[in-house]
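The numbers here are math on the coordinates, done by the rules we state, and not lab data. Only a predicted model underlies this, so the values are computations on that prediction, with no experimental measurement involved. Cβ placement follows ideal geometry from the backbone for every residue including glycine, while neighbour counts extend to all protein chains displayed.
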């Protein structure tokens, strides 16, 4: 179901790109902007792990330094039928974790010092299952494709806006459709991009719970993380904001209500409920 929802949202996003691109130069115009956006995101895809780890302030640890953490990560990797990822630690009391890497052969799992103090081994194992689920589901690739299409839509909207301001009115272009492309299309693309991000969180929850065969461990961990982040949120620096979508829970305090519409993470209450409805 999560895969189908992601596919539907991605198809909708592609449809917006083709429609908006058609206002400038037909299908060729849409493809041109798609290629341009793809070139920009190509670098991000290949080097996203290094950039994310640097911005998060993570440092790599060895098995000798963290034997217990390594053993837990290796166990989850074996259950996931994936290679052993690199292991990083982030020195912060705010409890959280994330995974990155363009494929299972280049995976990285990062945990904060705070999450290790807060969770039991069973709960941390559930969190690691979720993070390995992101890698197993190749969510970095999905997010890169989505970012490429959404970026192309935003670029087309900007070109249309400046052409209207400085280029005069094009008699062959429907003014109402042009206004929709400039104002509505980028917002719609952003909302769809966020919707796909939320679906990938649900999917990683499900994959991790299936791999560890312990959905209650992850549900319990999410409950603790929700309270832990409220008590010890991360500092909202530009670097942390740039990687906030990667963390298993939103790393900053606040949110709820309409803010959920513009959130990269689905409501924790719903994630917990879904996990507790799983049966083994």
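Overview of results
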| quantity | calculated |
| --- | --- |
| Inter-label distance, nm, simple model (7 Å from Cα along the C-beta direction), residue 8/residue 279 | 2.5 |
| Contour minus Cα-Cα distance for residue 68 and residue 242 (0.36 nm per residue) | 59.6 nm |
| Simple spin-label estimate for residue 59 and residue 105 in nanometres, 7 Å along Cα-Cβ | 3.1 |
| The range 187-227 versus the range 64-107: alpha-carbon centroid distance in Å | 17 |
